[in-house]
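Visitor: Structure incoming, see below.
The values are calculated or read from the model by the stated rules, or taken from the named source; none is laboratory data. Every value quoted in this text rests on a predicted model; they were computed, and no experiment measured them. All Cβ positions, even for glycine, are placed from backbone atoms using ideal geometry, and neighbour counts span all protein chains on display.
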């Protein structure tokens, strides 16, 4: 396509960069590496399957992907062949080079290659913003940001194949997406792949079925069905949420799931979310199933006149919402059509903003710590392009969030343009037990909705003024947080959360009366207990209790019955030997009380 020869000075720069990059795994350098490895993948695909059409291949968190249009489906065997071909390309040491071209020149090239997706991308571009990138014989339409030499991409792995609609639109053709990852060292790659294997073992969908927590059914796509044990875990989680919110002065409310279209148009959600909303026509007109809880909260606020003495007013809601997702992106509890948001809306004066947001930050950090999430990353997201309101209001809102973060001495990143359409936000990202990051909590500062819904309070000067609205969630989606906890603990929940805290086993039928008495004492103490009084062998009973990941196993045989004790075994195999039942009840109650 064009000359890619480098001068000797450029070559030396490339070699120096190669040496530096091999030990540089900063986020920016990883993006560069992974994006470049996506090019190498596309080159390998065209080499082995020349009739394939190319779509896009960006770097993503933890890796990269490339979308392809091919008549035959890619197989696991194909991935192995592609990896081998990619290794050949890497060893060749092909240089990456970039060249700006005119729109006409680019169109002519991709027309000759019969690449319809590249031509469609070009249709949205203008002269002066088009570049082609080449490594070896392979040329792609790309903005740049590549490594210098394919030898830098020595540590990569192709991971999986999935379907993806072109440009994410279900009306477009379904393409084949190949996912992969890349690092600057073999050790980093190996560590990541080991983490992936551990993640597979912890997959909440697998554990949810094994532990009898929840299931999904075609009769309600993307909507979880909680089983008795799963519901117990859910209620334990919610009970803790309520306990902490009562301490902070929140008042719980509940608003309807179905609300008239006009409300969502007034709030601005209709304009920004209608493609992801469910609608229903009834006699009174058109209604929408709520995708958010905030408009309902404003109606509760507006139902009575408020005074400055009533503020801050903290209204909390565990609100069930529904959002339409493409079937291809539904993923267990992590991506669903129906979920509960642990919402709260704080209505306050402008002078109360910093204090209230600081309290929100402290609450979120305290609740995360209860689950062992001590490593928290914070980002401040500013005004997006698709937003409403004046620059003055947005500047004021952003300044309020920054002041609250400063008062808490919190380090944070800036995410330009990542805010909600009605206001800037603070997002909280937690790190689980195997090092994965999850964005969960959020605090959003909103001057827009109080204006749209004409909310007011009577100030000390007896004049009506507009309150400020703080939207915040700790868990975010309760379902998603639930799934994260399943994987974080690998199903080995702490005693206070565990659906079943104790399993009582009998050695023989003679011990059944003693076991039943032990169960009654445990239940009277508020401990969740079940028993296995079957005639199965003890090894089998213990194995089943271990598979159910029950924290405590109490065994009662003749010796235990005679001594009035129970043989205690912890999940994982640790044997505590004979223990006084009353002492064990006290121990477990203390663990529950201390959230252990």
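Visitor: Does residue 377 satisfy being buried (at least 17 other Cβ atoms within 10 Å of the Cβ), more than 25 Å from residue 238 (Cβ to Cβ), in the same structural domain as residue 251 (by TED's automatic domain parsing) and out of contact with any helix residue (DSSP H, G or I) (no Cβ under 7 Å at 6 or more places or on another chain)?
Guide: Values: buried (at least 17 other Cβ atoms within 10 Å of the Cβ): no; more than 25 Å from residue 238 (Cβ to Cβ): yes; in the same structural domain as residue 251 (by TED's automatic domain parsing): yes; out of contact with any helix residue (DSSP H, G or I) (no Cβ under 7 Å at 6 or more places or on another chain): yes.
So residue 377 fails the test.
Visitor: Here is a list: 293, 276. Which entry is within 25 Å of residue 483 (Cα to Cα) and surrounded by 18 or more Cβ atoms within 10 Å (Cβ to Cβ)?
Guide: Details: 276 fails: surrounded by 18 or more Cβ atoms within 10 Å (Cβ to Cβ).
Residue meeting the stated conditions: 293.
Conditions (1) surrounded by 14 or more Cβ atoms within 10 Å (Cβ to Cβ); (2) in contact with a helix residue (DSSP H, G or I) (Cβ under 9 Å, 6 or more places away or on another chain), marked per residue:
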residue	(1), (2)
526	no, yes
534	no, yes
538	yes, no
548	yes, yes
554	yes, yes
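Visitor: From the list 441, 417, 435, which residue is within 20 Å of residue 348 (Cβ to Cβ), touching a residue at least 12 places away in the same chain (Cβ under 8 Å) and assigned by TED's automatic domain parsing to the domain that holds residue 367?
Guide: Numbers: 417 fails: within 20 Å of residue 348 (Cβ to Cβ); 435 fails: within 20 Å of residue 348 (Cβ to Cβ).
The unique qualifying residue is 441.
Visitor: Here's a follow-up. Counting just the residues of region 556-585 that are within 24 Å of residue 489 (Cβ to Cβ) and loosely packed, with under 13 Cβ neighbours inside 10 Å, which one comes out modelled with the lowest pLDDT?
Guide: We begin by selecting, within region 556-585, every residue within 24 Å of residue 489 (Cβ to Cβ); these are 568-576, 584-585.
Now drop any that are not loosely packed, with under 13 Cβ neighbours inside 10 Å, which leaves 570, 572-575.
Numbers: 570: 96, 572: 90, 573: 84, 574: 92, 575: 93.
My answer is 573.
Visitor: Hey, another quick one. Scan region 36-46 and tell me whether some residue there is crowded, with 20+ Cβ neighbours inside 10 Å and modelled with pLDDT under 95.
Guide: For region 36-46, residues crowded, with 20+ Cβ neighbours inside 10 Å and modelled with pLDDT under 95: absent.
Visitor: Shifting gears a bit: Take the residues in region 119-131 that are out of contact with any helix residue (DSSP H, G or I) (no Cβ under 7 Å at 6 or more places or on another chain) and under 21 Å from residue 45 (Cβ atoms), then tell me which one is surrounded by the fewest Cβ atoms within 10 Å (Cβ to Cβ).
Guide: Residue satisfying both the conditions and the ranking: 120.
Visitor: Would you mind listing the helices (runs of 4 or more DSSP H) fully within region 511-596 where at least 1 residues are more than 29 Å from residue 208 (Cβ to Cβ) and in contact with a strand residue (DSSP E or B) (Cβ under 9 Å, 6 or more places away or on another chain)?
Guide: Numbers: elements: 512-524, 538-547, 558-563, 581-593.
Because the criterion is at least 1 residues that are more than 29 Å from residue 208 (Cβ to Cβ) and in contact with a strand residue (DSSP E or B) (Cβ under 9 Å, 6 or more places away or on another chain), the helices (runs of 4 or more DSSP H) in region 511-596 that meet it are 512-524, 558-563, 581-593.
Visitor: Might you let me know whether region 63-78 holds any residue that is touching a helix residue (DSSP H, G or I) at 6+ places or on another chain (Cβ under 9 Å) and farther than 25 Å from residue 169 by Cα?
Guide: Looking for residues that are touching a helix residue (DSSP H, G or I) at 6+ places or on another chain (Cβ under 9 Å) and farther than 25 Å from residue 169 by Cα, one finds at least one in region 63-78, hence yes.
Visitor: Read through the list (1) at pLDDT below 90; (2) under 22 Å from residue 445 (Cβ atoms); (3) over 23 Å from the mean Cα position of the chain (by Cα); (4) surrounded by 14 or more Cβ atoms within 10 Å (Cβ to Cβ), then give the number of the only condition that residue 271 fails.
Guide: Result: residue 271 fails condition (4) only.
Visitor: Separate question: I need a count of the residues in region 132-158 that are touching a residue at least 24 places away in the same chain (Cβ under 8 Å), in contact with a strand residue (DSSP E or B) (Cβ under 8 Å, 6 or more places away or on another chain) and surrounded by fewer than 16 Cβ atoms within 10 Å (Cβ to Cβ).
Guide: Within region 132-158, residues that are touching a residue at least 24 places away in the same chain (Cβ under 8 Å), in contact with a strand residue (DSSP E or B) (Cβ under 8 Å, 6 or more places away or on another chain) and surrounded by fewer than 16 Cβ atoms within 10 Å (Cβ to Cβ) number 1.
Visitor: What do you reckon, is residue 180 at pLDDT 95 or above, within 30 Å of residue 72 (Cα to Cα) and in contact with a strand residue (DSSP E or B) (Cβ under 8 Å, 6 or more places away or on another chain)? Don't jump to the end; show me each part of the working.
Guide: Details: at pLDDT 95 or above: yes; within 30 Å of residue 72 (Cα to Cα): yes; in contact with a strand residue (DSSP E or B) (Cβ under 8 Å, 6 or more places away or on another chain): yes.
So residue 180 passes the test.
Visitor: Among (1) modelled with pLDDT of 95 or more; (2) crowded, with 18+ Cβ neighbours inside 10 Å, where does residue 370 come up short?
Guide: Among (1) modelled with pLDDT of 95 or more; (2) crowded, with 18+ Cβ neighbours inside 10 Å, residue 370 violates only (2).
Visitor: Select from region 413-451 the residues that are more than 12 Å from residue 380 (Cα to Cα) and assigned to a loop (DSSP other than H, G, I, E, B) and list them in ascending order.
Guide: 421, 422, 432, 433, 434, 435, 436, 447
Visitor: Every residue in region 437-471 that is surrounded by 18 or more Cβ atoms within 10 Å (Cβ to Cβ), closer than 29 Å to residue 483 by Cβ and out of contact with any helix residue (DSSP H, G or I) (no Cβ under 7 Å at 6 or more places or on another chain), please.
Guide: Result: 442, 444, 446.
Conditions tested, residue by residue: (1) touching a residue at least 60 places away in the same chain (Cβ under 8 Å); (2) buried (at least 19 other Cβ atoms within 10 Å of the Cβ); (3) assigned by TED's automatic domain parsing to the domain that holds residue 439; (4) in contact with a helix residue (DSSP H, G or I) (Cβ under 6 Å, 6 or more places away or on another chain).
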| site | (1), (2), (3), (4) |
| --- | --- |
| 281 | no, no, yes, no |
| 300 | no, no, yes, no |
| 317 | yes, yes, yes, no |
| 338 | yes, no, yes, no |
| 341 | yes, yes, yes, no |
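Visitor: Consider residue 177 against the criteria (1) assigned to a helix (DSSP H, G or I); (2) closer than 28 Å to residue 28 by Cβ: it satisfies all of them except one. Which criterion is unmet?
Guide: Checking residue 177 against (1) assigned to a helix (DSSP H, G or I); (2) closer than 28 Å to residue 28 by Cβ, the one that fails is (1).
Visitor: I'd like to verify a number: residues in region 180-192 that are farther than 22 Å from residue 67 by Cα and touching a residue at least 12 places away in the same chain (Cβ under 8 Å), how many?
Guide: Quick first cut of region 180-192, residues farther than 22 Å from residue 67 by Cα only: 184-192.
Next, from what is left, pick out any that are touching a residue at least 12 places away in the same chain (Cβ under 8 Å): 184-186, 188-189, 192.
So the count comes out to 6.
Visitor: Ok, one more. For residue 222, indicate whether it is surrounded by 13 or more Cβ atoms within 10 Å (Cβ to Cβ) and either touching a strand residue (DSSP E or B) at 6+ places or on another chain (Cβ under 9 Å) or not assigned by TED's automatic domain parsing to the domain that holds residue 334 (or both). Spell out the reasoning first.
Guide: On the way: surrounded by 13 or more Cβ atoms within 10 Å (Cβ to Cβ): yes; either touching a strand residue (DSSP E or B) at 6+ places or on another chain (Cβ under 9 Å) or not assigned by TED's automatic domain parsing to the domain that holds residue 334 (or both): yes.
Here the answer is yes, as residue 222 does meet what is asked.
Visitor: Here's a follow-up. From 78, 67, 62, grab the single residue that is surrounded by 15 or more Cβ atoms within 10 Å (Cβ to Cβ), at pLDDT below 95 and within 22 Å of residue 161 (Cβ to Cβ). Break it down stepwise before answering.
Guide: Working: 78 fails: at pLDDT below 95; 67 fails: at pLDDT below 95.
Answer to the selection: 62.
Visitor: Quick test for you: out of 173, 206, pick the one residue that is surrounded by fewer than 16 Cβ atoms within 10 Å (Cβ to Cβ) and over 22 Å from residue 42 (Cβ atoms).
Guide: On the way: 173 fails: over 22 Å from residue 42 (Cβ atoms).
Every option except 206 fails the conditions.
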